[in-house]
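Take a look at the structure set out below.
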Amino acid sequence: MNNKFSIIVRIYNAEKFLDQCIQSVISQTYSNWELILVNDGSTDSSLQICESYASKDKRIKVVSQKNQGGVSAQLTGFANSSGNFICGLDADDWYENNLLETCNEKLQKHSDIDLIIFGYNCIYEDGTTSIFSFTEQNQFFDTKQLISFIMTSTAHALWLKIYKKDLINYTDFEKNIINQNGYKFKSNNDLFIGTPFLFNSKKAIILNNCLYNYRILKNSVSHKIVPYKRIETSLNTMEYFYQLLNEKNFIDNQFLYLIHHEILRELAPEFYNIFRYFKFDFSKIKEIKNNDFYKLLLKEKHLKSIIKEFCIKQRIAFFLFTKVL
C-alpha cells in the first residue's frame, strides 16, 4: 500500500525556526506526503513564510485562523488532512530526512499497525544534544499495553507518533470534554487531544530509531518555571484520565495506580520549585489542598513507595508542602 502521510504543524509566531521545520519535510526521502501548516493567528512573518512554500509545492497546504490555541489548531489540521496516516511536527522542531521512509517500511511489513512511536534527539539552546529512546524498542503493544505505556512515560506528545487517521474518532463524550475544557490543558494539549484515539489502536510499535529533533527553548511554555500552573494542569489531567478511563470502562486498580504514580511524578518537581524559587502564594496553595484529586493522591495506598522514587530535595519539598504549608 502506498501510504500517504499528513503532517500537521501548528504555528504561532514561529518565524525563527519555521524554514528549518518545513525544509525537513520537503527533504524527506519518501515523497507521498502533504504538509498542513495551521497558522493560528501569528503576528510575525510566519504566514508569509508558509504561503511562500505553498506557492512552490502543491503538497503544502496553508490554513489560517484567528488565534485559538493548540487544541483548536490541531483539530483544524485533522479536519484538513487527506492522508491515511497522521504525523505531528512542532514549528520549532525538524524531522530526520528518513522519518517517513522508515515508518512506511515498517507499515509495509506489518500492515495491521495502527500507531508508531519513535525516539528523538533533544537539541538545547547551547548547541548540546542528547538522545532519547524508549527501552521498549521494537515491541508490539495492544490497546491496554499502549495506554499503560503512555500513562507512565514521556510519550504524550503527538510529534513522536505516526497514527492511522481512522483512530481519530472521538465519541460525543470526548468531543464535549474537548469543546468545554480545552482551556484547562494549554500546556499539555497533546495528551488531551491524543489520549482518546489511543483506545482505538489495536496494535502499536515502538521503533529503535531516533527520527525527530526536539528543540528545547528555555522560554517556551513547556519549560517556564510556573509551578502553580503546572500543578493545576497535572490535577486537571488526573481528572481527565478518571473521566476517560471510566467512559471507556478501563477503570481498575492497576490504572488508578498508574494515574496516581504519573501525576505524583509530575507534581514532585513543582512542589520543589515552590520552595526553590520562594514562590509562595497561599491562596493557590489552599486551592490545591482543597482539590478533590489532590486529596485522592494523598490517599494512594502506595504513596510512600512512590515518594521513595523522588530525589531527596523533592521528598523534602513534598513533605513540607503536604504537612507544613
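The values are calculated or read from the model by the stated rules, or taken from the named source; none is laboratory data. Please read all numbers here as calculations on a predicted model, not as lab measurements. Glycine gets a Cβ as well: all are built from the backbone with ideal geometry, and neighbour counts include every protein chain shown. Side chains included, ligands, DNA and RNA excluded: accessible areas come from the protein's heavy atoms. Shrake-Rupley method; radii C 1.70, N 1.55, O 1.52, S 1.80 Å.
Across the options Ala155, Ile26, Asn181, the greatest Cα extent toward the positive end of the charge dipole of the chain (unit charges at beta carbon of Lys, Arg, Asp, Glu) belongs to Asn181.
Amide H contacts of Ile60: Leu35, each under 5 Å away and 5 or more positions distant or on a separate chain (H built 1.01 Å from N in the peptide plane; Pro and chain starts excluded).
Between the beta carbons of Tyr257 and Asn13, assuming R0 = 35 Å, the FRET efficiency works out to 0.30 to the nearest 0.05.
Of the solvent-accessible surface of segment 203-325, computed with a 1.4 Å probe over protein heavy atoms with every protein chain present, carbon and sulfur atoms account for 54 percent. In this structure the amide hydrogen of Lys4, modeled in the peptide plane, comes within under 5 Å of the amide hydrogens of Asn84, Phe85, none closer than 5 places in sequence on its chain.
Taking the accessible area of segment 1-157, probe 1.4 Å, and keeping the other protein chains in place, the carbon and sulfur fraction comes to 47%. Placing +1 on each Lys and Arg Cβ and -1 on each Asp and Glu Cβ, with no other charges, gives the chain a dipole about its Cα centre of roughly 920 debye.
Dipole check for segment 260-325: with +1 at the C-beta of Lys and Arg, -1 at the C-beta of Asp and Glu, and the Cα centre as origin, the magnitude is about 280 Debye. Report note on the peptides 239-250, 294-305: ranked by the mean count of other C-beta atoms within 10 Å, highest first, their order is 239-250, 294-305.
Highest-first packing order for the peptide set 4-16, 310-322 is 4-16, 310-322, based on the mean count of other beta carbon atoms within 10 Å.
Normalised by the number of residues in segment 1-104, what is the relative contact order in percent for Cα pairs under 8 Å and 6+ residues apart? Provide the component values of the computation, followed by the final result.
Working: 200 pairs, mean separation 47.5, N = 104.
Reported as a whole number, the value is 46 percent.
Taking the DSSP beta bridges with both ends in the chain, the antiparallel portion is around 35 percent.
In percent, how large is the relative contact order of the chain, given Cα pairs closer than 8 Å and 6 or more residues apart?
On the way: 504 pairs, mean separation 56.0, N = 325.
Computed value for the chain: 17 percent relative contact order.
In this Cβ point-charge picture (+1 for Lys and Arg, -1 for Asp and Glu), segment 1-141 has a dipole of about 540 debye about its Cα centre. Put the Cα centre of segment 230-295 next to the Cα centre of segment 10-86 and the gap is 33 Å.
Taking amide H atoms as placed 1.01 Å from N in the peptide plane, the amide H of Ile206 lies under 5 Å from those of Ile117, Asn138, Gln139, each 5 or more residues away in sequence or on another chain. The HN-Hα couplings worked out from phi for segment 169-180 by the Karplus form 6.51 cos²θ - 1.76 cosθ + 1.60 (θ = phi - 60°) are 9, 5, 6, 4, 4, 5, 4, 5, 5, 4, 5, 8 Hz, whole numbers, x standing for Gly and Pro.
In the chain, the longest principal axis of the Cα atoms and the axis of helix 99-109 are about 90 degrees apart. Of the beta bridges in segment 7-131, as assigned by DSSP with both residues counted there, near 20 percent are antiparallel. Over segment 109-261, accessible surface divided per residue gives 45 Å², non-protein components excluded, 1.4 Å probe.
When peptides 266-272, 228-234 are ranked by their average number of other Cβ atoms within 10 Å per residue, the highest-first order is 266-272, 228-234.
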